[in-house]
Structure formats: C-alpha cells, structure tokens
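Take a look at the structure set out below.
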Amino acid sequence: MNSQENVSNRRIYLDNAATTPLDPLVFDAMEPYLRYHYGNPSSIHTLGRKAKSALETARKDIAHALGALPQEIIFTSGGTEADNMVLMAAVRDLGIQHIITSPIEHHAVLHTCEYLQKVQQVHIHYVQLDDKGNISIDHLEELLKQLPPCLVSLMHANNEIGNMIDLTLIGELVERYHGYFHSDTVQTVGHFPLNFKEFKVDFAVGAAHKFNGPKGVGFIYIRKKNLVKPIIHGGSQERGMRAGTENLASIVGMAEALKLSLEGMENKWQKNTFLKEKLVSGLQSVIADVEVNGDMSNANPAVLNLAFPPVLSQDLFLFQLDIHGICASGGSACSSGASKGSHVLPFISTAQNKNNIRFSFGKGNTLEDIENCIEKMKAIFTTSASR
Ligand SMILES: Cc1ncc(COP(=O)(O)O)c(C=O)c1O
C-alpha cells in the first residue's frame, strides 16, 4: 500500500456530493483509451474510427439510461459548462427574456443568471421558499401566469441540503404555460431513476464525478425540438454543438460509471437512507440540539446537512473535523474553505447562528464509517465545550 492509500484509509470520506472516488471498474474501462486507442474521433483512419465508435457507443448508452435519444446528448467538460450553455443558448436562441429560478441553485446557474441580467438585460425571478428550502409551487405558478413564456431553471436535488423537486409536476406546469424547463440534475444522475422524456424536461445536465466517474466530463440533455446553437465555437465536434476534441477516455468512463450506478441504484438509495438515519439519530443521541437543515422527508438520501450548537467559528469547526479524519463540507465544495459561507443556508431557519456541516454518502461508505464519525464528533464537542 502506498502512502497516499494510507492517508485516505485513515479518513472517513463523507463528502460525496463534492466528488466521488473513481470506481476501479471505470478506471479499467478508461485505460485502453488512454494507452492504446488514442485516435481523434474526427480522424478518418482506423484509430480515428475506433475512437468515434467508442464515442457514439458511450452516447447511446448514456441516452438509453436517461430516457433520451443519442442526438439529445452533448458531451461537455462538466456540470458548470452544461448549465452555462443551457441558460446562455436559451436566451440567445429561444428568445428568452425571463428566467425563473431559485436563490438556492448551484452557482453555475445563479452566476450565469446574474451575468445574463447584467449583459443581456434578462429578467431574473426567484421563486419563494419555505423555511426548509422547499420551493413554493403556488408562487411558481403565479410567476408563470404573469410572465411571457420563460425558462424555468430548478435543480432536481439541492447539493447542500438535499431537498428534491418533483420533476413531473414542474415539467407539466411549465409545459402548461408554454415555457422551457431546465433542471440541474448533477446531484441525481446515477442516483435516481431519471427519464427525461417522461419528466418533460427540456434541458438537463450531468457530471461524471458525482457518480464515481472521472472529473472534468459531463453532458447536456437538449430535447430534440429545442433548436439551440453552440456557445463554444471551433471544430464541428458534437454535430457542431460543442467544439473541441472530445475527452474520449473520460466519456467512455462516464458511460461505464452510469451503467454501474444504474445496476446498483436501488441498493444505493436504500443504503444511503439507512446511513443517513443512523448518522442523524447517533449524533442526536450524543450531542444536544442537533437539527436537520432542509427537508428530510423530501430529500436525496445521499445528502445530510446538520446544524450543531455553535461551539467554534465555522472555519475552526471544519478544521476540527479535518484533524479528526472526517472529510465533510461547510457548504458546497466550491464555497467550503472560503470564509464567504453558504448561499443556501441563509434561507434555512434551523441553520441560523449554528455550526452547519454537510455530510454526503457514497458507494464506499459503511456503517463503521458512520459509527466512527459519531465517536469523533462526540470527541470534538466534548473538548470544545470544556474549553
Ligand atoms: C448541483 C450542481 N450543479 C453543478 C455543479 C457543477 O458541476 P462540475 O463540478 O462538474 O462543473 C455541481 C458541482 O458541485 C453541482 O453540485
């Protein structure tokens, strides 16, 4: 065992919403495309054709797994690029002047909306939330009634608190008012049985590193009837929709990771539910006044955000977890470590003036991880309280 493995073995990894470890079977699927089949899918010689065939097989497999047509899947560098493309292309090509979103979306959506507001004078409307972070369907409908046909961008599962939306309900509502529906499904691809056609989403996005695939690769689903154009210009890859030589090994890895995730999806959902409930009840039995941020009854079981009594500054609290070998987050990965804090938790009543931590579960987690985590959290509170 090398020293890197030693370090990771001592740690309890509960930060799977930030990223997941690469599945060894995914690595095996990718390796030949890094070592031997290095042709450019746009080349017409044998190596190029071999690469092209692997690219199109991956597209077909991913489309099939998500209730889409192969031509509706476009490969990208990840979730951020995919969210950017949906919003920017919808404004430019579909005549969108109004976007309805929520203030707790990922920054890939929120910052793109802010940019479109500033540069293109697009009107951004934020749907109301309850104090657990659930969106108000009544308010969404009121906005849809008042506005001309617009783009609704609402994430399927929130990456910080796990709350989920009902894609079918919102898909039908948006369709009734002749709008377009984009859902950031980065946290649910590979975790939840998605069928884009059935759910009436116009656009959706995914990122392989959230389901034990490689980092730096993702996709956009664009429903066939939505005639949008590229935002990255250059060669004619991806049928002219996204220029740049394809990241073939990673795309092959993403297809394999999705296949493996689908095979184990039901078990993973049940196991995460079990681990999540164990962690909440275990922590509540050893630490006073621990509360759940978000809506446990309506959430992705892979994500648990807890409010602890405020014993330390948030940065010191996170540091204590780290030195006790627990990998978890204060907010999303992009904001953890930065003193700026979460943009989601200010909307959640239980989170105010607390030490808030997101624990997120994945394939590799065991009951032993949860028990160790509870012991270590208890030790952190015992020492912090006696200071
Ligand atoms: C909900 C959500 N959307 C988008 C992204 C961005 O994805 P990527 O890191 O692949 O750019 C993330 C990543 O944390 C996410 O959780």
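Could you please tell me which pairs satisfy a Cβ distance under 6 Å, a separation of 6+ or placement on different chains, a first residue in segment 152-163 that is in contact (Cβ under 8 Å) with a residue 12 or more places away in the chain and outside any loop (DSSP other than H, G, I, E, B), and a second residue that is open to solvent by 10 Å² or more (accessible area, probe 1.4 Å) and within 11 Å of the ligand (Cβ to nearest atom)?
Ala157/Gln187
Quick check on my filter: what residues within segment 186-206 are within 15 Å of Lys259 (Cβ to Cβ), assigned to a loop (DSSP other than H, G, I, E, B) and either near the ligand (Cβ under 8 Å from one of its atoms) or open to solvent by less than 20 Å² (accessible area, probe 1.4 Å) (or both)?
Correct list: Val189, Gly190, Leu194.
Condition first: open to solvent by less than 10 Å² (accessible area, probe 1.4 Å) and touching a residue at least 40 places away in the same chain (Cβ under 8 Å). Now tell me which residues in segment 164-183 satisfy that.
His182, the sole residue that qualifies.
Could you please let me know if His178 is in a loop (DSSP other than H, G, I, E, B), out of contact with any helix residue (DSSP H, G or I) (no Cβ under 7 Å at 6 or more places or on another chain) and either more than 10 Å from the ligand (Cβ to nearest atom) or within 23 Å of Ala249 (Cβ to Cβ) (or both)?
Judged against the criteria, His178 is a match.
Kindly establish whether His209 is surrounded by 15 or more Cβ atoms within 10 Å (Cβ to Cβ) and assigned to a loop (DSSP other than H, G, I, E, B).
no
Pick from segment 84-98 the residues that are away from the ligand (no atom under 16 Å from the Cβ) and open to solvent by less than 10 Å² (accessible area, probe 1.4 Å): which of them is farthest from Ile74 (Cα to Cα)?
Per the criteria, the residue is Ile96.
Can you tell me which residues in segment 99-119 are in a helix (DSSP H, G or I) and more than 14 Å from the ligand (Cβ to nearest atom)?
Glu114, Tyr115, Leu116, Gln117, Lys118, Val119 - these are the residues of segment 99-119 that are in a helix (DSSP H, G or I) and more than 14 Å from the ligand (Cβ to nearest atom).
Can you find, within segment 16-26, the residue that is farthest from the ligand (Cβ to nearest atom) among those that are over 9 Å from Glu256 (Cα atoms) and touching a residue at least 60 places away in the same chain (Cβ under 8 Å)?
In this case the residue turns out to be Asp23.
Collect the residues in segment 62-83 that are open to solvent by 10 Å² or more (accessible area, probe 1.4 Å) and more than 16 Å from the ligand (Cβ to nearest atom), keeping them in residue-number order.
Listed by number, the residues that qualify are His64, Ala65, Gly67, Ala68, Leu69, Pro70, Gln71, Glu72.
Conditions first: (1) farther than 25 Å from Leu248 by Cα; (2) within 11 Å of the ligand (Cβ to nearest atom); (3) assigned to a loop (DSSP other than H, G, I, E, B). Ser183 passes all but one, so which condition is the exception?
Unmet for Ser183, out of (1) farther than 25 Å from Leu248 by Cα; (2) within 11 Å of the ligand (Cβ to nearest atom); (3) assigned to a loop (DSSP other than H, G, I, E, B): (3).
The values are calculated or read from the model by the stated rules, or taken from the named source; none is laboratory data. Predicted, not measured: the structure shown is a model, and the values here were computed from it. Cβ atoms come from the backbone with ideal geometry, glycine included; neighbour counts cover every protein chain shown. With ligands, DNA and RNA removed, areas are computed over all heavy atoms of the protein, side chains included. Shrake-Rupley method; radii C 1.70, N 1.55, O 1.52, S 1.80 Å.
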